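The next block holds one structure in the form of structure tokens; read it before the comments.
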Amino acid sequence: MPEITKSYEARNVEAKWYAAWQEAGCFAGKAAEGQETYTIVIPPPNVTGILHMGHVLNNTLQDALIRRARLEGKAALWVPGTDHAGIATQTMVEKHLKKEEGTSRHELGREKFLERVWDWRHEKGDKILRQLRELGCSCDWDRTHFTMDEGYSRSVRTAFVSLFEKGQIYRGKRMVNWCPVSKTALSDEEVEMRPTKGHIWRLRYELVEPVGELTHIVLETTRPETIAADVAVAVHPRDERFKDLVGKKVWRPLGERVQIPVIADEAVEMEFGGGALKVTPAHDKVDFEIGQRHGLEVIECIDADGTLNELAGAEIAGMERFAGRKKAVEVLEANGSLIEAKPYENNVGYSQRAGVPIEPRLMQQWWLRYPRVEEAKQVVREGHVQMHPARWSKVYLNWLDNIQDWCISRQLWWGHRIPVWYAKGLDKETLTEADLRDPAKIHVSLDGPADPENWDQEEDVLDTWASSWLWPMGTLGWPDADEQKQANFDAFYPTTTLATGADIIFFWVARMIMAGLEFARPGEPVERRIPFRHVYFNGIVRDKQGRKMSKTLGNSPDPLDLIERYGADGLRFGLLQIAPLGQDVKFDEGRIEGGKNFCNKLWNACRFRTMSGEMSDNRTLAAILDRLDGDQMDEDDHAILAALLDTMDTLEKSFAEFEFATATQRLYGFFWNEFCDWYVEVAKTRVQDPAAKQHALAVQDLVIRQFLLLFEPFAPFISEELWHVMGYGREGKFLQDNRLETAETLAASLTDAGCAVDASASTRVEQLQTFTTLARQLKAEQSVAQKRDVTFQLQASDEAWTMVEPHLAKLVRLIGTESITHTAEEPSLPAVVSPFGTLYLDTGIKVDPAAERARLNKELTQVEKHIGGTQARLANEAFVSKAPPAVIEGARKQLTDLEAKREEIRRLLNTL
RNA sequence: GGACCCUUAGCUCAGUUGGUUAGAGCGCUUCCUUGACAUGGAAGAGGUCACAGAUUCGAGUUCUGUAGGGUCCACCA
């Protein structure tokens, strides 16, 4: 028998078992012919990222799902990997280069710079994957993928080429969200609207020729620095105030002194500002559209880096855009155009990553018309892809309903370079749709043209999400037939569950669905093409004040530190206990500590079991069942086994519903309260009885065994350790090599073993528990809680006494008394009314009648209050005639019981 | 402007299809180091379930509205 330490030391076992699992290839995703599979692809973290609490939650959930699937006998595969994270990684390396070497990517040049990024990736990357091992994640590490690996890159290019050939991809000059810091275009999804405090300036634009009384038009703007790029002033066509002005000209108040027309356009809000709008097509999306409708010129006065150029006007040219804004206001004030400056808060689009306002800009970019939009809606509407919680479907469908073409090109270097080659000398700015489809001018292919010397490859790379949207397929070998075979694409696709955060439902989830439908198994039914069947959205981990955890706030605990202090299992279990379906998680370190304490409780329960008696053959369930003795089955056995079956049932349901908090809470309550606090305590007595000992210990062995199987998905390390300590495992075998019985099959096995579980015993055990609590309560009230030399007398009917008598030995021990005797007398002693009769406590000290009366009166008041309520209900004619009979019956019985109790308390009061 | 979520004990949260006296963990009070566990045990205090209506014999639970908090989408310059 191995020596078991007094408390559970996670560090002693975690590394050991992880190494053993890996050595034995426990995590390999292998599917036998016809075997049911369970596949998860990890949401690939940034390759240079480090583990934070969000990852812990997300990956613990996935690991729980995967480990449970293994125990259910499915071929489980969890594919790990990382994302190259274009902007984030490139920015990180650029910063590093600037700080450490004072150089920049432009100084290095594309090739050298990319070498440096690769160095960085090899040196610092994948740290997060190693950290996931600390957490116990059972990924199939041999299948680790990286979005920039050659194989994966090939799938990215394949998708691009295919979509290009289908005409879904085009190059076009349109308004894009330009990030002046990262110096790249962004998709709409990467722009975050933030309320921003600033000013709005009320300005006058002088009419070239007065119209009647009118000498100028009043309008308001938040962006005076762009005035020099104004090409018109727009008013609403039905606005009476301006009907005579349309077609007239005004002087542009900044920059070159030119006349611009007043035009009428529906897009103008009459109620806003003065009812007129300055039109700056180059720097505003709406203005651009107006400009298109009216054939207006586009003047760009802001450059790519966010500085104002010479077209912005001599006064502000060369200035940074916000400094230029200030200066522009001064100029406007000086030339009499400024009427008023008002503090103003409006929504400004920010680059999500760089955190600066984006600049709408007119540019040539690559665009994708999303494929399979209708199918993508259909699969969710029809439940082929189920979202949990379901409400996210609505968000998803709403987005697809309003979907816009996706700007997929990025002006970065770190990423998948777009597989498009331009014939040398071709003017890329003036390409037409026909040019795009002309193989003499544009070459699009996986591997490039045969005569590269005559071509220039596109400089831009793809949006990171235009690679990760292929993740479930690319990691399973698509599109290469051999690789797919090797990865067993056939068996593992579609994946089963995607666990991720709702914040990337558009970025990633929706796009993966469209990609899957477009590329996977062409021609087959949608349910074979979708990338996953379930999407589980886990909440965001927040701090105690409800704020998102972030590096800048410094409010995020270091998961590795938490693992160090509470063990990986404690962290996992504690976190899942507070992670309700679809709600954010407010991080509470107390719960993590609770997880650790629970592990310790489990540890000690097992330790106690090994101390209670010789360990017998625990190697199989059958061996344990063999040791059960039907003749020794008492109510406590029935109750604990019924609770075990119920727990198994609850776990099965909660896994199906992704209700992890329910699952962990049931496990906690079952093991700690039902098993340790009651069953193990009562069994202490039975273990003293040679006739009952083997049976009572076998029940414990059974309960612990089944519990470990249920617990392992949440806490794999301690479960594995105890599995071996308790002798459930064999040399070279692991917990996961066993199958998890269902509640039904275990119940059937118990029946076969002559120990059919009678769930109704639970009620009677509850009465014994109540009895115990009342007796302890009485002792505490009489200030003899710790004394064991007191005696109890139970005044009970013969029938009630027969219910208590078989349990006397246990009760005496649990309550801490010398004896409980059956009495017909009515002693003058402190008493309490129990389910079995009136229980008297003899402490050997004289009773204080006043104190006793006070105590009983308090009790009486409570009972009477309750009686009142119940009587009122039963007196209600409507209740009696309409409520279901069972409910009425329950109320009647309750009333009878309460009245009996009341009488007994009154009688006791009279004896004082 | 559109959609969604939340509000239950001091704190963090459970409360299944409406049905006895609303639960857990932490914290708090009292007692206990008795031979699994002080990372523990026993007992206890603590809640008008945000508010107002409606439906119902009966509402924490269903519906409507209000207030407060949060999220997403749209973006009036």
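The values are calculated or read from the model by the stated rules, or taken from the named source; none is laboratory data. All values reported here derive from a predicted model rather than from experimental measurement. Virtual Cβ from ideal backbone geometry, glycine too; neighbours counted across all protein chains shown.
When the residues of the range A:865-879 are filtered to those that are surrounded by 13 or more Cβ atoms within 10 Å (Cβ to Cβ) and either touching a residue at least 40 places away in the same chain (Cβ under 8 Å) or more than 8 Å from RNA strand B (Cβ to nearest atom) (or both), the one that is farthest from A:Phe836 (Cα to Cα) is A:Leu874.
Quick one: which strands (runs of 3 or more DSSP E) lie wholly within the range A:759-836 and hold at least 2 residues that are among the hydroxyl-bearing types (Ser, Thr, Tyr) and more than 16 Å from RNA strand B (Cβ to nearest atom)? Spell out the reasoning first.
Working: elements: A:791-795, A:819-822, A:831-834.
Passing ranges, in order: A:819-822.
When A:Ala824 is tested against (1) farther than 29 Å from A:Thr685 by Cα; (2) over 53 Å from the mean Cα position of the chain (by Cα); (3) among the small types (Gly, Ala, Ser), just one condition goes unmet, and that condition is (1). Filter the range A:231-279 for residues that are touching a strand residue (DSSP E or B) at 6+ places or on another chain (Cβ under 8 Å), among the small types (Gly, Ala, Ser) and farther than 22 Å from A:Lys342 by Cβ and give the result. Hits for the range A:231-279 are A:Ala232, A:Gly247, A:Ala264, A:Ala267. Evaluated against (1) in a loop (DSSP other than H, G, I, E, B); (2) without any contact (Cβ under 8 Å) to a residue 40 or more places away in the chain; (3) not β-branched (Val, Ile, Thr), A:Gln35 falls short on exactly one condition, (2). For the range A:553-604: of the residues being crowded, with 17+ Cβ neighbours inside 10 Å and on the phi > 0 side of the Ramachandran plot, which is farthest from the chain's Cα centre (by Cα)? For the range A:553-604, the residue satisfying everything is A:Gly567.
Criterion first (in contact with a helix residue (DSSP H, G or I) (Cβ under 8 Å, 6 or more places away or on another chain), touching a residue at least 12 places away in the same chain (Cβ under 8 Å) and assigned to a loop (DSSP other than H, G, I, E, B)) does A:Tyr18 satisfy it?
Numbers: in contact with a helix residue (DSSP H, G or I) (Cβ under 8 Å, 6 or more places away or on another chain): yes; touching a residue at least 12 places away in the same chain (Cβ under 8 Å): yes; assigned to a loop (DSSP other than H, G, I, E, B): no.
Criteria not met by A:Tyr18.
Checking the stated criteria, A:Thr39 turns out to be under 18 Å from the mean Cα position of the chain (by Cα), surrounded by 17 or more Cβ atoms within 10 Å (Cβ to Cβ), under 22 Å from A:Leu470 (Cβ atoms) and not charged (D, E, K, R). The residues in the range A:892-912 that are more than 7 Å from RNA strand B (Cβ to nearest atom), at pLDDT 85 or above and either within 13 Å of A:Ala831 (Cα to Cα) or of a type in the set (A, V, I, L, M, F, W, C) (or both) can be counted, and the count is 10. In the range A:844-861, of all residues being part of a helix (DSSP H, G or I) and among the small types (Gly, Ala, Ser), the one that is surrounded by the fewest Cβ atoms within 10 Å (Cβ to Cβ) corresponds to A:Ala850.
Going through the range A:327-344 one residue at a time, which ones are more than 16 Å from RNA strand B (Cβ to nearest atom) and closer than 22 Å to A:Glu359 by Cα? The answer is A:Lys327, and nothing else. Within the set A:Ala520, A:Ala510, A:Ala502, A:Ala487, the sole residue that is more than 18 Å from A:His384 (Cα to Cα), under 27 Å from the mean Cα position of the chain (by Cα) and surrounded by 19 or more Cβ atoms within 10 Å (Cβ to Cβ) turns out to be A:Ala502. Here A:Arg547 meets the list (1) under 17 Å from A:Leu135 (Cβ atoms); (2) in contact with a Leu (Cβ under 7 Å, 6 or more places away or on another chain); (3) not aromatic (Phe, Trp, Tyr) almost entirely, failing just condition (1).
If you go through the range A:369-383 and keep only what is more than 25 Å from A:Gly539 (Cβ to Cβ) and either in contact with a Ser or Thr (Cβ under 6 Å, 6 or more places away or on another chain) or away from RNA strand B (no atom under 16 Å from the Cβ) (or both), you end up with A:Arg369, A:Pro371, A:Arg372, A:Glu374, A:Glu375, A:Gln378, A:Glu382.
Restricting to the range A:734-758, give me the number of residues that are assigned to a loop (DSSP other than H, G, I, E, B) and of a type in the set (A, V, I, L, M).
Start the filter on the range A:734-758 by keeping residues that are assigned to a loop (DSSP other than H, G, I, E, B), which leaves A:734, A:738-742, A:753-758.
Now narrow it down to the ones that are of a type in the set (A, V, I, L, M): A:740, A:753, A:756-757.
Residues in the range A:734-758 being assigned to a loop (DSSP other than H, G, I, E, B) and of a type in the set (A, V, I, L, M): 4 in total.
Looking only at residues of the range A:384-434 that are among the hydroxyl-bearing types (Ser, Thr, Tyr) and more than 16 Å from RNA strand B (Cβ to nearest atom), we find that the one that is modelled with the lowest pLDDT is A:Thr430. If you check A:Arg110, A:Arg116, A:Arg68, A:Arg130 for being surrounded by fewer than 20 Cβ atoms within 10 Å (Cβ to Cβ) and within 29 Å of A:Gly567 (Cα to Cα), only one passes: A:Arg130. Filtering the range A:796-808 to residues that are touching a Leu at 6+ places or on another chain (Cβ under 8 Å) and surrounded by 19 or more Cβ atoms within 10 Å (Cβ to Cβ) leaves A:Val804, A:His807. Taken as a whole, the structure places A:Leu651 among residues that are more than 8 Å from RNA strand B (Cβ to nearest atom), in a helix (DSSP H, G or I) and within 25 Å of A:Arg739 (Cβ to Cβ).
Restricting to the range A:153-204, count the residues that are assigned to a loop (DSSP other than H, G, I, E, B) and within 16 Å of RNA strand B (Cβ to nearest atom). Final tally of qualifying residues: 1.
Every residue, every condition in (1) aliphatic (A, V, I, L, M); (2) within 27 Å of the chain's Cα centre (by Cα), yes or no:
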{"residue": "A:Gly49", "(1), (2)": "no, yes"}
{"residue": "A:Thr60", "(1), (2)": "no, yes"}
{"residue": "A:Ile66", "(1), (2)": "yes, yes"}
{"residue": "A:Glu72", "(1), (2)": "no, yes"}
{"residue": "A:Thr82", "(1), (2)": "no, yes"}
{"residue": "A:Ala85", "(1), (2)": "yes, yes"}
{"residue": "A:Lys99", "(1), (2)": "no, no"}
{"residue": "A:Glu107", "(1), (2)": "no, no"}
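Sub-9 Å Cβ pairs linking a first residue in the range A:533-545 that is more than 15 Å from A:Val509 (Cα to Cα) to a second residue that is assigned to a strand (DSSP E or B) and more than 8 Å from RNA strand B (Cβ to nearest atom), at least 6 apart or interchain, are A:Gly539/A:Gly501; A:Ile540/A:Gly501, ordered by first then second residue. Taking the range A:441-470 as the range and being touching a His at 6+ places or on another chain (Cβ under 8 Å) and crowded, with 17+ Cβ neighbours inside 10 Å as the test, the residues that pass are A:Trp455, A:Val461, A:Leu462, A:Thr464, A:Ala466, A:Ser467.
Looking across the range A:557-568, just one residue is in a loop (DSSP other than H, G, I, E, B) and over 17 Å from A:Gly590 (Cβ atoms), and that is A:Asp558.
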